[in-house]
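The values are calculated or read from the model by the stated rules, or taken from the named source; none is laboratory data. Just so it is clear, the model here is predicted, and its values are computed rather than measured. A quick note on method: Cβ atoms are made from the backbone with ideal geometry, for glycine too, and the neighbour counts reach across all protein chains shown.
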Amino acid sequence: MGCAASNTAASKSDRLSRWNHTGIVALRDAKLKSFPDEVLELDRSPRTLDLTNNKIVDIPEEISNLTNMQRLILADNLIQHLPRNMGKLQYLKLINLDQNKVSILPDELGQLVRLERLSISGNQLTTLPETIGSLRNLLLLNVSNNQLKCLPESIGSCFSLEELQANENLIEELPSSVCNLIHLKSLSLDHNKVKEIPPSLLKACKALQNISLHDNPISMDQFQSMEGFQEFEARRKKKFDKQIDSNVMIGSKGLDEGVDL
């Protein structure tokens, strides 16, 4: 018994030493049912925390003590909500909460001003907080496979956004503020209830190269009659030609041509 306890203590010590040295805590597929307390002992050393594919339900408020964390990967768990004090993790650049049971995001999410990538697909969200507009450095937002009926007007303040994925929701229309997203390159809204998109979207979003609206009520005629369609089409074809010139590998669905209605 004493030897077993000694080995357990040694293995824990080794883990903590390794995590402190590398700044990477990787506990994928570890069959965890709760957030590991030993991680909280690390204080400021972790920069990446990966707890993918466990059965974790709750994230403790003490996670806010990991103040130097940049990448928080919690995909494929049973997480229902996030602690409000997560806003203290001011160095976070990436959050992945795909395939959980989150139904609401705290307003404090908007305090994560360095956040660049937020993926929370496959959850139970019905709304997004207006404070999401404070994420001025956000490049990617993935909220696919939720129950969203709309996107907040504040989304237009995410000025750096390049890719917005909102497939498999209940979205009927987009807020006019999306026209402020001048860096937006890709907009995916497959399998929603979109009947129309803001009339100035194609003209205003001059970086837009890809729009996917498969399985929505909007028609191709509506789309093609929008102001700025010709310019969008030119950008789309330029991207398409560049992919061919670069000998891009074609996947099972074929080459992305930039528009799918």
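So the values come out like this:
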| read-out | value |
| --- | --- |
| Flag if Gly156 is farther than 22 Å from His191 by Cβ, touching a Leu at 6+ places or on another chain (Cβ under 7 Å) and in a helix (DSSP H, G or I) | yes |
| Inter-residue pairs, beta-carbon under 6 Å, first at pLDDT 80 or above and in the stretch 230-249, second surrounded by 12 or more Cβ atoms within 10 Å (Cβ to Cβ) and in a helix (DSSP H, G or I), 6+ apart | Phe232/Leu202 |
| Selection status of Asp98, in contact (Cβ under 8 Å) with a residue 40 or more places away in the chain and crowded, with 18+ Cβ neighbours inside 10 Å | yes |
| Test for Thr22: is it in contact with a Phe, Trp or Tyr (Cβ under 9 Å, 6 or more places away or on another chain), free of Cβ contacts under 8 Å to residues at least 40 places away in the same chain and polar (S, T, N, Q) | no |
| Residues of the stretch 112-121 classified as assigned to a loop (DSSP other than H, G, I, E, B), farther than 16 Å from Tyr91 by Cβ and not β-branched (Val, Ile, Thr), total | 1 |
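To keep it simple, each residue is scored yes or no on (1) part of a strand (DSSP E or B); (2) closer than 24 Å to Ile171 by Cα; (3) modelled with pLDDT of 95 or more.
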| residue | (1), (2), (3) |
| --- | --- |
| Ser45 | no, no, no |
| Asn53 | no, no, yes |
| Val57 | no, no, yes |
| Asp76 | no, no, yes |
| Ser103 | no, yes, yes |
| Gly110 | no, yes, yes |
| Asn123 | no, yes, yes |
| Thr126 | no, yes, yes |
| Arg136 | no, yes, yes |
